[in-house]
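Structure first, then comments.
The values are calculated or read from the model by the stated rules, or taken from the named source; none is laboratory data. None of the values given here were measured: they were computed from a predicted structure. Because the Cβ atoms are built from the backbone with ideal geometry, glycine has one as well, and the counts that use them run over all protein chains shown. Ligands, DNA and RNA are stripped out before the accessible areas are found, and what is left, the full protein with its side chains, is counted by its heavy atoms. Shrake-Rupley method; radii C 1.70, N 1.55, O 1.52, S 1.80 Å.
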Amino acid sequence: MLQPTESTLGTSRALTRLAEDEEIFRDSVYEFADREIRPLVREMDEHAKIPRTLIDQLFEMGIMGIEIPESYGGAGASFFHSVLAVEALSRVDPSIGVLVDVQNTLVINALLRWGNEDIKQRWLPKLAASTVGAYCLSEAGSGSDAFALQTRAAEVPDGYQLNGRKLWITNGNEADVFIVFANINPASGYRGITAFLVERDTPGFTVGKKEDKLGIRASSTCELLFEDCVVGRDHVLGEIGKGYKVAIETLNEGRIGIGAQMVGLAQGALDHTVRYTKERRQFGQAIGDFQGVQFQLARMAIDVESARLMVYNAARLRDARQPFLHEAAMCKILSSEVAERVTSTAVNLYGGYGFVRDYPVEKLFRDAKIGQIYEGTSNMQLVTIAKQLLS
Ligand SMILES: Cc1cc2nc3c(=O)[nH]c(=O)nc-3n(C[C@H](O)[C@H](O)[C@H](O)COP(=O)(O)OP(=O)(O)OC[C@H]3O[C@@H](n4cnc5c(N)ncnc54)[C@H](O)[C@@H]3O)c2cc1C
């Protein structure tokens, strides 16, 4: 029988064994989150707001421009690093996790792939230094059926005029640049969809109502209004009529980031619960000494680790430029279900204290729900997976 040797062990590294720079990076993001974000979590949830000073710190850390090449002022790291950052932040606060996720895996990702040199020169240094971005596809009538969007673009002498409304836009409150999908030729169906870069102060563009949400309350979710909003020709991202490709391809990658958010969230709930079950005493002993409780903790740990493996695998495949669609859809479903299950058990193990805001797991339970909804609902992920199986 073949025995593993030093060399075979060396080449078959566990998927969760990170490279040294990845480990240092993940730990430094977590240490930052633990030190600077944790004390603000409850207040941010209650006031549904992220302080600008914290966003500035995220920029200073270099985690708002992870994949931006150094030549444009970014960190020049990989997609996998973005996944690690989102996971580490979400372990403390999934609202900060999604702010950083949208910035890196959707906005910057789309610009890196679809932006021409002029767009990259104009936007990437700002996104790396101080500008928050938002990604604007969904509307009141088009969520899962995203390409039924009703926002229209019309060619005018100065460029393109946008009219319509977007709904549910993450970072709407903080963003200064918005990637907006509008249809320039509805007769061609989805082949009329085009991506535009819209600056916050563009006349005719207004950020509307902010949603009052169940979870990830600090993360802003806003309506956007476009009324005869004119942007220049140099604000088209990618080609006219190819916005559907920008949207599909970016979201395929983005959902790995949501997987990372859910893994971090579930890990955070497990951390709290392990600590609590060691401290809380009933029947004269720590509740963690009861084997029934130990088994629940063990199942939580299995859940978190299996979801993490799937997320890391999808992210590694993406960085290796190998097909990852199937794996991305699977990791998003699994990790969001894990987050719901793990946080629910966390609430149970905290007992009554799990049901009140003075303790942290009630918030994580609320935060977990979004994982099964945004960047493609679980049903839409199942559609993707089944389509590949049956093709
Ligand atoms: C907090 C938050 C943040 C968000 N951030 C953004 C953002 O930054 N940018 C952005 O563009 N959007 C964003 N969204 C929108 C999000 O992506 C959509 O809510 C999501 O895609 C679902 O669309 P919907 O809400 O219209 O639900 P619907 O599409 O109406 O779905 C309702 C239900 O029907 C099911 N369903 C629909 N079609 C099918 C089908 N063919 N087969 C089986 N089941 C189906 C769905 O799975 C779901 O259970 C955000 C949403 C929220 C809540």
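Here are some notes:
- Dipole in debye (nearest 20) - the range 152-234, about Cα centre, beta carbon charges: Lys, Arg +1; Asp, Glu -1: 400
- Charged-residue dipole, Cβ positions (Lys, Arg, Asp, Glu), the range 1-154 about Cα centre, Debye nearest 20: 400
- Table column - 3J(HN,Hα) (Hz), the range 165-171, Karplus curve with 6.51, -1.76, 1.60, x for Gly and Pro: 9, 10, 10, 6, 8, 5, 6
- List K332, K278, K245, ordered by accessible area with a 1.4 Å probe, largest first: K278, K245, K332
- Solvent-accessible area of C222 with every protein chain in place, 1.4 Å probe, in Å² to the nearest 10: 0
- Whether the range 48-89 is rounded, prolate or oblate, judged on the alpha carbon gyration tensor where a/c under 1.5 counts as rounded: oblate
- Kyte-Doolittle mean at least 0.0 and Cα axial length at least 15 Å: DSSP H helices in the chain: 79-90, 325-350, 378-390
- Taking Lys and Arg as +1 and Asp and Glu as -1, the other residues whose beta-carbon sits under 10 Å from that of P203 total -3.
- In the chain, a dipole from Cβ-located charges (positive for Lys and Arg, negative for Asp and Glu) runs towards its positive end, and of M61, Q285, V198 it is Q285 whose Cα lies farthest in that direction.
- Contact order for the range 279-345, expressed relative to its length and based on alpha carbon pairs under 8 Å spaced 6+ residues apart, stands at 30 percent.
- Other residues lying with their Cβ under 13 Å from the Cβ of G76 contribute a combined charge of -3, Lys and Arg counting +1, Asp and Glu -1.
- Restraint check, K166/K245; K120/K210; K209/K363; K49/K369; K213/K363, Cα-Cα greater than 21 Å: K120/K210; K209/K363
- Computed on the chain, with alpha-carbon pairs under 8 angstrom and 6+ residues apart, the relative contact order is 16 percent.
- The chain: most fluctuating residue of N183, N379, N252 per GNM, C-alpha cutoff 10 Å: N379
- Taking only alpha carbon atoms, the range 240-391 gives an Rg to Rh ratio of 1.09, where Rh is the Kirkwood radius.
- Three semi-axes of the equivalent ellipsoid, the chain, Cα gyration tensor, whole Å, largest first: 37, 24, 20
- Placing a label point 7 Å from the Cα of R299 along the Cα-to-Cβ direction, the residues of the range 317-346 with a backbone N closer than 18 Å are 334-346.
- Model label points for E279 and E31, set 7 angstrom from Cα along the Cα-to-Cβ axis, are 2.4 nm apart.
- When the Cα positions of G208, F226, L237 are compared along the charge dipole of the range 199-243, G208 comes out farthest toward the positive end, with charges on each C-beta of Lys, Arg, Asp and Glu.
- Furthest towards positive pole of dipole, F355, I50, F295, structure part the chain, Cβ charges: F295
- Separation in nanometres of the label points that stand 7 Å from Cα toward Cβ, at E117 and R52: 3.5
- For the chain, a simple Cβ point-charge model (Lys and Arg +1, Asp and Glu -1, everything else neutral) yields a dipole of about 900 debye relative to the Cα centre.
- Percent accessible area from carbon and sulfur atoms, the range 204-330, protein chains only, probe 1.4 Å: 53
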